[in-house]
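First, the structure itself, so that you have it in front of you.
The values are calculated or read from the model by the stated rules, or taken from the named source; none is laboratory data. Please read these numbers as outputs of a predicted model, since none were measured by experiment. Here the Cβ is made from the backbone with ideal geometry for all residues, glycine too, and neighbour counts use every protein chain on show.
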Amino acid sequence: MKKTVFVLLLMFAAVCSRVQAYGATDTPQELQQLYAQSAVLMDGDTGRVLYEKDGYHFMPMASTTKVMTCILAVENASGEEIVQVSSYAASMPDVQLNIREGEEYYLKDLVYSLMLQSHNDSAVAIAEHIGGSVEGFAAMMNEKAREIGCSNTHFVTPNGLDASDEGGAHGTTAADLARIMSYAIQNETFLRITQTRDYSFHDVEGKRSYTLRNANALLDMMPGALSGKTGFTNAAGYCYVGAVRQDGKTFIVALLACGWPSHKTYKWIDTKKLITYGMQHYEYREAEKLPDLGAIAVEDGIPADRGWADTAYVNLQIENAEETFRILMREDEQVRMERDYPQSLKAPVARGKQVGAIRYYLGDLKLMEYPVVTAGTIEKADYAWCCERVFGKYFHGAV
C-alpha cells in the first residue's frame, strides 16, 4: 500500500512539478555555474522538482540506466537464482566483469557487479535472465518507467550503452532520471546494495573470484549520502544520479552531459552545489490546518430527526484527514488551501457520499487532496412525510 501511494505521488508530481521549479531564467546565484547541460534537484519524498536546468530535455543517460535494471532485478527475482552467461552477455564492451559464456553466477552477485562497478556484461546477463532477452527486459523497463510517472524516457539497453530501436533512442530527461532514483531509494534492498563499499564473490562452481569497490564517490563526500550511480558514454558524457538525506530532508540530483574527458570531477562539483542549495534554502513547513466544515442544506430532504423543520441539513466531514502535513518549501513560497464543495445538496443523500474536496496547492502544484463526504443520511421527502408534517404542525399549532 505504501509503495502504491508513493508511485501515485510520483506520477502526479511528474505532471505538475515542472511549473514549480526554478528554471534558467531565474537561476539562483549559487547555481549559475553548473557544468551539466541538464540538471534537476528533486524533493525525494514527493517527487517535486525544486530546480531544473533544461531538466525536461531528452538526452542519453549512459550507465545511470542501471538504476532501473537494479530495481527490476530486486523486485522480480530472488538473489539466489542462478544466471547462466550467454555469448551475447560475455561480448559486452568495457566496463566488464569479464564473465564468460556458459559460466553461472548467483543473481545477487551480478547485481552488486552492476551497481558497484557498472559492469555492462553483468547488466545483460541479468536482463536476459529476468526478461528472457534484452528486448523483453527493455519492455519491462519502459513499463516500469511509465508506472512511476516518467513522461519522456525510453530504454533500449539494460546497461546504458547508446542504442536505438523502433521506439527511438535510448535516453531520458534529468527530471525522469531523478524520479527513477526517488522510487528506487524506497527499496531497502536497493539501498543496501548501493551503500556497500566492498563486495567479494565467486562463480557458482567456485572457479573464479572477484572483489568489487563501490565507484560512487558521493558516499564519502557528503554526510547522509544514500545512493548514486555514475555513467559515461561518448554520446552522453559524464552523467550522475544520487540521493542524500540530511536533517529529515531527502534530495535527488540528476545530471546529464556533465562534461567529457578530462572533466570527470564536474559531476561531483555540481552535485555538491545542488545539494547544498537544497539544504540551505528549503525547510519543512506545516500547511494550514484542515477546517471544520459544519452542515449544508439538503433540498427536498427529511430532517435527520424527522422533525418538522423547513430545511434538512447534513454534516460534512473530511475523509482520511490528518491534523497537518509538512512540505519542503523555500521561505518565499506559500501553500494555499481551496475548498471545493456545494452549499447545498438535493435529497436523497447517502452517508459517505463524496461531494467535494479540500485541496492544498503550492503555486500550480497540487500537494494534497482530501475528499469531503457526507456524515449522515437524508431521505427524500415523500407524500407520506409531507402529510405527517402538515398534520403534526396543524395539531401542534405550528402552522
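May I ask you to say which residue of Arg359, Arg336 is touching a Lys or Arg at 6+ places or on another chain (Cβ under 8 Å) and either on the phi < 0 side of the Ramachandran plot or not in a loop (DSSP other than H, G, I, E, B) (or both)?
Arg359 is the lone residue from the list that is touching a Lys or Arg at 6+ places or on another chain (Cβ under 8 Å) and either on the phi < 0 side of the Ramachandran plot or not in a loop (DSSP other than H, G, I, E, B) (or both).
While we're on this one: Please count how many residues of the stretch 95-130 are free of Cβ contacts under 8 Å to residues at least 40 places away in the same chain and of a type in the set (Gly, Ala, Ser).
Number satisfying all stated conditions: 2.
Would the stretch 137-148 turn up any residue that is within 19 Å of Phe232 (Cβ to Cβ) and in the same structural domain as Met59 (by TED's automatic domain parsing)?
If we filter the stretch 137-148 for residues that are within 19 Å of Phe232 (Cβ to Cβ), which is where we start, we get none.
Among the residues of the stretch 137-148, not one is within 19 Å of Phe232 (Cβ to Cβ) and in the same structural domain as Met59 (by TED's automatic domain parsing), which makes the answer no.
What tally of residues in the stretch 208-267 results from selecting those that are surrounded by fewer than 24 Cβ atoms within 10 Å (Cβ to Cβ) and assigned to a loop (DSSP other than H, G, I, E, B)?
Number satisfying all stated conditions: 20.
Quick check on the stretch 74-88: of everything there that is out of contact with any Lys or Arg (no Cβ under 9 Å at 6 or more places or on another chain) and surrounded by 14 or more Cβ atoms within 10 Å (Cβ to Cβ), which residue is nearest to Asn142 (Cα to Cα)?
Val74
So that you can scan it fast, the table gives a plain yes or no per residue for (1) surrounded by fewer than 22 Cβ atoms within 10 Å (Cβ to Cβ); (2) within 27 Å of Glu52 (Cβ to Cβ); (3) of a type in the set (D, E, K, R); (4) over 15 Å from the mean Cα position of the chain (by Cα):
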{"site": "Glu135", "(1), (2), (3), (4)": "yes, no, yes, yes"}
{"site": "Arg146", "(1), (2), (3), (4)": "yes, yes, yes, no"}
{"site": "Phe155", "(1), (2), (3), (4)": "no, yes, no, yes"}
{"site": "Asp162", "(1), (2), (3), (4)": "yes, yes, yes, yes"}
{"site": "Ala169", "(1), (2), (3), (4)": "yes, yes, no, yes"}
{"site": "Thr173", "(1), (2), (3), (4)": "no, yes, no, no"}
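Going by the conditions given, is Glu286 under 30 Å from Val373 (Cβ atoms) and outside the structural domain of Ile358 (by TED's automatic domain parsing)? Spell out the reasoning first.
On the way: under 30 Å from Val373 (Cβ atoms): yes; outside the structural domain of Ile358 (by TED's automatic domain parsing): yes.
So Glu286 fits the description; yes.
Being assigned to a helix (DSSP H, G or I) and modelled with pLDDT of 95 or more: is that true of Ala36 here? Steps first, answer last, please.
On the way: assigned to a helix (DSSP H, G or I): no; modelled with pLDDT of 95 or more: yes.
It is false that Ala36 is assigned to a helix (DSSP H, G or I) and modelled with pLDDT of 95 or more.
Which of the residues belonging to the stretch 92-109 are out of contact with any strand residue (DSSP E or B) (no Cβ under 6 Å at 6 or more places or on another chain) and part of a helix (DSSP H, G or I)?
So the first thing to find is which residues in the stretch 92-109 are out of contact with any strand residue (DSSP E or B) (no Cβ under 6 Å at 6 or more places or on another chain), and the list is 92-103, 106, 108.
Matches in the stretch 92-109: Lys108 only.
Still on this structure: Restricting to the stretch 83-116, count the residues that are over 23 Å from Thr194 (Cβ atoms) and β-branched (Val, Ile, Thr).
Matching residues across the stretch 83-116 total 1.
Please list, ordered by first then second residue, the pairs with beta carbon atoms under 6 Å, 6 or more apart or interchain, first in the stretch 243-263 and under 20 Å from Ile180 (Cα atoms), second of a type in the set (Phe, Trp, Tyr) and surrounded by 15 or more Cβ atoms within 10 Å (Cβ to Cβ).
Val244/Phe251; Leu255/Tyr240; Cys258/Tyr35; Cys258/Tyr238; Cys258/Tyr266
So, one more: Quick one: which of Glu283, Glu331 is surrounded by fewer than 19 Cβ atoms within 10 Å (Cβ to Cβ) and in contact with a helix residue (DSSP H, G or I) (Cβ under 9 Å, 6 or more places away or on another chain)? Please lay out each step first, then the result.
Working: Glu283 fails: in contact with a helix residue (DSSP H, G or I) (Cβ under 9 Å, 6 or more places away or on another chain).
The unique qualifying residue is Glu331.
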